[in-house]
Amino acid sequence: MLGTSTLLFVLFHFVGGDPVLTFAGKNADAATIAQLRQDLGFSGSLLQQYVRFTRETFLWDWGTSWVSHGSVLKRIGEGLGPSLTITLPGFLIAYFLALLLAFLAVHYFERWPDTLLQFIVSFLMSVSFVVLILFCQKIFAYDLAWFPVYGWDHDIFKRWSYAALPIAIFTLATFPAKVLVIRSLIAEEIEKKYVLTARAKGVFTHTIYFSHVLKNILPGVFTMMWAQVPALLTGSLLLEAFFGIPGLGNLLLNSIQASDFPVVKALTVMGSIIYIVCVFIGDVLIFILDPRLESK
Amino acid sequence: MNNARCRKVSKWNIFAFADRLEIAFREQARNTEYTVKAPRLSSILMFPLLIFFGAACTPKNQDKEQTLFLHLREQLRSFDPVLAKDIYSQRMVLQIYEGLLHFNYLKRPVELEPLLADGMPQMSADGKTITIKIKHSIFFADDPCFSNGKGRELTAADFVYSWKRLADSKNKSESYWIFRDKIVGYDEWRKHLSEGKATYDTPIAGIRAPDKYTLVVELKERQYELLYLFTHAATTVVPHEAVEHYGEEFSEHPVGTGAFRLASWDKNSKITLVKNENYHDDFYPKEGAAGDASLGLLKNAGEKLPFAHKVVVHEISEEQPQWLLFNRGDLDLWQATKDYQPQILDGDHLAKSFAVRGIKMSLPVSTDVTYIGFNTENKFLKNKKIRQAMAMAYDQALLAKRFYNALVISAHGPIPPNVEGYRKNIKNKYQQYNLAEAKKYLSEAGYPGGKGLPPFVFEMASMHTTARQMAEFFKQQMAQLGIQVKLQTNTWPQFNEKLKTKKADIFDMAWNGDYPDAENFLQLFYSKNISPGPNSTNFSSPEFDKLFEEMKHTLSGAKRKDLIYKMEDLVMEEVPWIFNFHRVFVFVEQPWFYNFKYDTMIMDTFKYYRVDDKQRQKDKER
């Protein structure tokens, strides 16, 4: 946490340009800039600023937005729900779909359904995310009018009409890579002797797949899933901008554009800490879930 | 055998599932208030999991009566007047809050009119005292911040409070410059407040409310442009009850005297305004500029404002959703972005495919100027001949064609059209592309063929592709002279830091007018404003300064115009900037949308807009 905080302090102070000069605006004079530097907490030596920055990080004190003067934590809290509305279902569907298709691919290993699937998956992986968004928004929201082009509803039950297409795009963009990884996990597992024994004993294929192979690859899949959890919390910047989803991705983008330093700081520090915590919890959980690791 | 059976069963299951979903979908379409284009089976197979969210529906005929559907091209940052630093926030603030004055909606050049002031402000003979009468019976919108929830009457003391907020350094308002160095005691009060030696109860000598409806402003010296600033979003009036009641959330709970009040704000997505039932008497102008009547802009002359009961404003930063929503009729008005202009325009006319739909187009000129600035303190660039040579080697006609679809007005100086002092028919000889002459000037400067000159760094204000392409264009043009240019991309904060610390030698910029007065553009060459002030080229000329100071104290008229012309001639000759363009906006309106007229300076516009809901319904069905 100290390392993250230090790194971010260095980045904010030496890489991005002076935030006070930007915030001061085009008509500011030297006296206004000096006053603003003091009011924004950029006065004093670099060491004093660093101590203040680190203390705020450790105390989880994010202060108020420079742009709206509202509480940074409240603003982040407001964005979390919409972001998760898109990323969480998209994430779960992508894994469900990837598991199904990976089993299908392995079942037809190196036969035409497998080849076709690999072709589709590789194609989808090569399509840029922006192109996918532009295409789907134009075709499914505008031309076919199955979904609203843009918008959001705070009501958790009404928002799904707006969320559906972004979820679908998120799923489409994220499931192909997962298919390939899971496919290789299954292909490796299926070579093992217990599978051969089960087949020899006449156990149904679906029982082998879903009762035995699935159970054994799940810890690997779980590790992969857990590492992606922090990204779910920060939302999808592009999707949120194109569909008007008031999530954290949109918030981050606008805060950067508006030089809203406290919000950018909170989001980046929180994101880094959540990532570290998730990796740690993931490592612990994997031991609990996979008894084989304990015996090793 | 087992495998084959499994395959057969699973295939049957998928199709049965899809069929059931299709039936459910069609059933849903029949039984609900939604219109659904029922998807084909193949489509369902493509997106089977979407169906779980019951999502393929488009709301039908939500309450659209008397509703405007508009958009912001950037996300709204704040509804607090003192925090509204960008034009989008200012525009939204001015739908809810009001100031002493505003601009007549139709007259051009723009003309000041009283809004909350009861008549135009009265100036003393020496121009240092301004007395403003406030209209009686103006009420703030109803809000829980007031006792019993009813909006109370506006008084002159509310202006004193609101302008103190602007000076309060805790509010970190960028707009503090509006009254800085102008009002007696204002800067001192700010200083004392930040030092804890003053409170909001401490009076400011130069802002007084001698009675409930009178406001007196004492100036350090005559300031003609101050009246324009009484229209600015930052000088609008807020009730102290709302600031105290909502505290740090005040920027999300605006309470004003304007035509609308905020109903909801889904941040970064949608803002909904509704009519303020307490809105005072305000009427559509009875007179306009020449040609307004033929454009149908006077059909509602004298009618009570606002026309709309509800305004939905989508915050859309991406271009495609803006375009799709407009094309579908879900936006009443759209400022077409550069990439979509070729689809809309046929030359400078609306394309036939849009005209037949009844769509209307207007091409207003922005009160701005784009330019390439030279740091006149640079060892080489302080040589006027080099700047003149570079200006002459820069082919602006080609630039306009390549990057602006030729939809710009060439700028010969800093003052844009619609501002006093603009001269339509003059030519700046350094703006005429003439490579041979440019080479001659460079030789006269002592650097024939660019020999002896170091490579100059061209600082880009953004990392946007277009900005890079335009910088590349400049580089190519200068290469013809033998001058080497290195391109440097920057984020806006990096760029800004370079400007404010005099580290940007050549840069591209635009200046959007804060008010429609030549002073706002000419101050960019005033030596007292050099970096970190707004004079980013650090241009310094005693002659210019003398003229500028004289102009500031001269009332609008022939003498002032003459001073403006002299200053403009001086900067045209000195070339601290290569003057580029005054930008032209492309607005398209739906056939059911009326009373649209644009000027960068006029922002309290929603109350004038009118829609014909029946026509909208009919056109959209068609």
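Shape of the stretch B:368-583 from its Cα gyration tensor (a ≥ b ≥ c, root eigenvalues): rounded if a/c is under 1.5, otherwise prolate when a/b > b/c, or oblate?
Judged from the Cα gyration tensor, the stretch B:368-583 comes out rounded (a/c under 1.5).
Step through the residues of the stretch A:123-139 one at a time and calculate ³J(HN,Hα) from phi using the Karplus curve (6.51 cos²θ - 1.76 cosθ + 1.60, θ = phi - 60°), rounding each to whole Hz and writing x for Gly and Pro.
These are the phi-based 3J(HN,Hα) values: 4, 4, 5, 7, 7, 5, 4, 5, 4, 4, 5, 4, 5, 5, 5, 5, 6 Hz.
Work from the charge dipole of the protein assembly as shown (Cβ charges, +1 for Lys and Arg, -1 for Asp and Glu, about the Cα centre) and give the residue of A:L92, B:L398, A:A241 farthest towards its positive end.
A:L92
From the residues B:P285, B:H240, B:M478, which one has its Cα farthest along the dipole of chain B in the positive direction, the dipole being from +1 and -1 charges on Cβ of Lys/Arg and Asp/Glu about the Cα centre?
In chain B, that residue is B:M478.
Which ordering of B:I602, A:I256 is given by a fewest-first count of other beta-carbon atoms within 10 Å?
Result, fewest neighbours first: A:I256, B:I602.
Please list, by residue number, everything in the stretch B:526-557 whose backbone N is under 20 Å from a paramagnetic label point 7 Å out along Cα→Cβ of B:K128.
B:549-555
Find out how many positive minus negative residues lie around B:G256, taking Lys and Arg as positive, Asp and Glu as negative, among other residues whose Cβ is under 10 Å from that of B:G256.
-1
How big is the Kirkwood radius of the protein assembly as shown, worked out from every pair of different alpha carbons and given in Å to one decimal?
Result for the protein assembly as shown stands at 31.1 Å.
Could you give each residue of the stretch B:177-185 its phi-based ³J(HN,Hα) in whole Hz, using Karplus coefficients 6.51, -1.76, 1.60 with θ = phi - 60°, and x for Gly or Pro?
4, 4, 10, 4, 6, 10, 9, 4, x
With a 10 Å cut-off between alpha carbons and a GNM built on chain A, which of A:N254, A:N27, A:N216 moves the most?
A:N27
Give the residue from B:A125, B:S147, B:Y161 lying farthest towards the positive end of the charge dipole for the stretch B:98-252; charges sit on Cβ (+1 for Lys and Arg, -1 for Asp and Glu) and the dipole is referred to the Cα centre.
B:A125
Could you put B:S540, B:S294 in order, starting from the residue whose Cβ has the fewest other Cβ atoms within 10 Å?
Result, fewest neighbours first: B:S294, B:S540.
Shielding by partners for B:175-182, please: the mean number of other protein chain Cβ atoms within 10 Å of each residue's Cβ.
Details: counts 2, 8, 7, 1, 0, 5, 2, 0.
Going residue by residue through B:175-182 and averaging, the value is 3.
Name the residues whose placed amide hydrogens come within less than 5 Å of the amide hydrogen of B:D282, ignoring near sequence neighbours (fewer than 5 apart) on the same chain.
Those lying under 5 Å, H to H, from B:D282 are B:L305.
What's the longest piece of chain A with no exposed GluC sites (Glu not before Pro), counting a site as exposed if DSSP puts it in a loop and it has at most 12 other beta carbons within 10 Å? Before the final figure, lay out each step's value.
Details: sites that count: A:E110, A:E191.
Answer from the scan: A:1-109.
Considering amide H positions built from the backbone, and no H for Pro or chain starts, which residues 5 or more places from B:F539, or on another chain, come under 5 Å of its amide H?
Long-range HN contacts for B:F539: B:T376.
Apply the a/c threshold of 1.5 to the C-alpha gyration tensor of chain B and tell me whether it is rounded, prolate or oblate.
Judged from the Cα gyration tensor, chain B comes out oblate (a/c at least 1.5, b/c at or above a/b).
Does the stretch B:98-252 classify as rounded, prolate or oblate by the C-alpha gyration tensor (a ≥ b ≥ c root eigenvalues; a/c under 1.5 gives rounded; else a/b over b/c gives prolate, otherwise oblate)?
On the way: a/c = 1.58, a/b = 1.10, b/c = 1.44.
The shape class here is oblate.
If we count GluC sites (Glu not before Pro) as exposed when they sit in a DSSP loop and have at most 10 other beta carbons within 10 Å, what is the longest stretch of chain B that avoids them all? Write out the running numbers ahead of the final one.
On the way: sites that count: B:E33, B:E195, B:E277.
With GluC sites (Glu not before Pro) excluded where exposed in loops, chain B gives B:278-622 as its longest stretch.
Residues with beta-carbon under 10 Å from that of B:D118, excluding B:D118: net charge, scoring Lys, Arg +1 and Asp, Glu -1?
+2
Under unit Cβ charges (Lys, Arg +1; Asp, Glu -1), what dipole magnitude, rounded to 20 debye, does the protein assembly as shown have relative to its Cα centre?
Details: 105 positive and 98 negative charges, 528 e Å.
Rounded to the nearest 20 debye, it is 2540 debye.
Using the Kirkwood radius over Cα pairs, work out the Stokes-Einstein diffusion coefficient for the stretch B:531-622 at 37 °C and 0.692 mPa s, in µm²/s as a whole number.
183
Is there a quick way to get the dipole size of the stretch B:98-252? I mean about its Cα centre, with the Cβ of Lys and Arg at +1 and of Asp and Glu at -1; what is the value in debye to the nearest 20?
Here the stretch B:98-252 has a charge dipole of around 440 debye.
Which residues' amide hydrogens lie under 5 Å from the amide hydrogen of B:I134, considering only partners 5 or more residues apart or on another chain, with H built in the peptide plane?
Amide H to amide H, under 5 Å and 5 or more residues apart or across chains, B:I134 pairs with B:D118, B:T214, B:L215.
Normalised by the residues of the stretch A:61-218, what does the relative contact order come to in percent, with Cα pairs under 8 Å and at least six apart?
Computed over the stretch A:61-218, the figure is 28 percent.
With +1 on each Lys and Arg Cβ and -1 on each Asp and Glu Cβ, and nothing else charged, work out how big the dipole of chain B is about its Cα centre, in Debye to the nearest 20.
So the dipole magnitude of chain B works out to roughly 2200 debye.
Considering the Cα trace of chain A, what is its radius of gyration and what is Dmax, both in angstroms?
Expressed in Å, the Cα Rg and Dmax of chain A come to 24.0, 86.
In whole Hz and in residue order, list the ³J(HN,Hα) couplings for the stretch A:175-188 that follow from phi through the Karplus curve 6.51 cos²θ - 1.76 cosθ + 1.60, θ = phi - 60°; x for Gly and Pro.
Ordered by residue, 3J(HN,Hα) equals 6, x, 4, 5, 4, 5, 5, 5, 4, 5, 4, 5, 4, 5 Hz.
How many Cβ atoms of partner chains, on average, are near each residue of A:147-159 if near means within 10 Å of its Cβ?
5
Only the coordinates and a few stated rules stand behind these numbers; no lab work does. Bear in mind that the values here come from a model prediction, so they are computed numbers and not experimental data. Reconstructed Cβ throughout: ideal geometry from the backbone, glycine too, with neighbour counts over all protein chains shown.
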